[in-house]
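The values are calculated or read from the model by the stated rules, or taken from the named source; none is laboratory data. These figures come from a predicted structure and were not determined experimentally. When we count neighbours, we look across all protein chains shown, and the Cβ atoms used for this are built from the backbone with ideal geometry, even at glycine. For accessibility, only protein heavy atoms count, side chains too; no ligands or nucleic acids. Shrake-Rupley method; radii C 1.70, N 1.55, O 1.52, S 1.80 Å.
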Amino acid sequence: MTIHTPPENPAELTQFIETRYHATHRTQLPALIVLAEKVETVHQNEADVPAGLAALLRKISGELEVHMKKEELILFPAMRRAMAGLDAPITAMRGDHDDHTNEVAMIKRLTNNLTLPAGACGSWTRLYADLNEFVVDLEEHIRLENDVLFPRFETSTGGNA
């Protein structure tokens with residue numbers, strides 16, 4: 001995993017988020033869903049199978065896609081134009097982030113905190129490794145927006161573009 005240093009400029013930061021995180025999530029999730037479906041089907045009778053993981057990942061994928069589109073089509077362009085009055089959409093995005101954080105907690109519950117059972121097959125091993133990468137990316141994506149980008153545009157925190 002390559003470490004990327006985000007830019008300081010808010011317009012460049014929104015571009016960075018889109019190319020580094022949005023594009024990555026769009027690649028990660030379909031592959032994770034396929035792997036989860038395979039593991040759940042092949043190991044359906046095993047006690048440690050993450051039953052319901054594929055369905056959860058499909059839900060996350062749909063919700064995250066809607067969230068990212070709102071950022072790409074509405075919020076980020078407004079930020080690039082240094083528009084004021086962004087508190088309401090930012091509050092909505094923060095609410096989505098809270099939902100995504102809760103879904104990450106659900107992933108961890110279903111997977112015993114991404115702990116593989118003894119003798120896990122290659123697909124199960126790859127699923128948990130790739131899930132871990134997704135979770136780390138999503139958590140950093142949320143942190144970057146909540147703690148670095150959004151405060152610059154919230155009037156309640158004194159930020160301004």
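When the surface is traced with a 1.4 Å probe over the full set of protein chains, residue 140 keeps roughly 60 Å² accessible.
Between segment 62-95 and segment 122-136, the alpha-carbon centres lie 29 Å apart.
Accessible area per residue was computed with a 1.4 Å probe on protein heavy atoms; residue 49 scores about 20 Å².
Taking all protein chains together, 137, 147 sort by accessible area into 147, 137, largest first [probe 1.4 Å].
Put a plus charge on the Cβ of each Lys and Arg, a minus charge on the Cβ of each Asp and Glu, and nothing anywhere else: the dipole of the chain about its Cα centre is then about 200 debye.
Note on the chain: helix-only mean residue ellipticity at 222 nm, from DSSP H runs of 4+ residues weighted -39500 (n - 2.57) and normalised by residue number, equals -20000 deg cm²/dmol. Within the accessible surface of the chain, defined with a 1.4 Å probe on protein heavy atoms only, the carbon and sulfur portion equals 55 percent. Once the convex hull of all Cα atoms in the chain is built, its volume per residue stands at 102 Å³.
List the trypsin sites (Lys or Arg not before Pro) within segment 1-100 that fall in a DSSP loop (any state other than H, G, I, E or B) and whose Cβ has at most 13 other Cβ atoms within 10 Å. Kindly include the intermediate steps, with their values, before the conclusion.
Details: sites: 20, 26, 38, 58, 59, 69, 70, 80, 81, 94; in loops: 81.
Sparse-neighbourhood loop trypsin sites (Lys or Arg not before Pro): 81.
Given in Å, the Rg to one decimal and the Dmax to the nearest whole number for the Cα atoms of segment 19-86 are 16.9, 55. I'd like the orientation of helix 122-143 relative to the chain: the angle between its Cα long axis and the longest Cα principal axis, in ° from 0 to 90, rounded to 10. The helix 122-143 is inclined about 20 degrees to the chain.
Give, as a single signed number, the net charge of other residues whose beta carbon lies under 12 Å from the beta carbon of residue 59, with Lys and Arg counted +1 and Asp and Glu -1. Display every interim value, and only then the final one.
Numbers: positive: 58; negative: 63, 65, 99, 103.
Here the count lands on -3.
In the context of the full protein assembly, residue 41 retains an accessible surface of approximately 90 Å², using a probe radius of 1.4 Å and ignoring ligands and nucleic acids.
I need the fraction of alpha carbon pairs in segment 82-161 separated by more than 18 Å, rounded to a whole percent. Could you put the intermediate results ahead of the total?
Numbers: 1667 of 3160 pairs.
Summing the P(r) of segment 82-161 above 18 Å gives 53 percent of all pairs.
Projecting the Cα atoms of 34, 82, 97 onto the dipole axis of segment 29-117, where Lys and Arg carry +1 and Asp and Glu carry -1 at the beta carbon, places 82 farthest toward the positive end.
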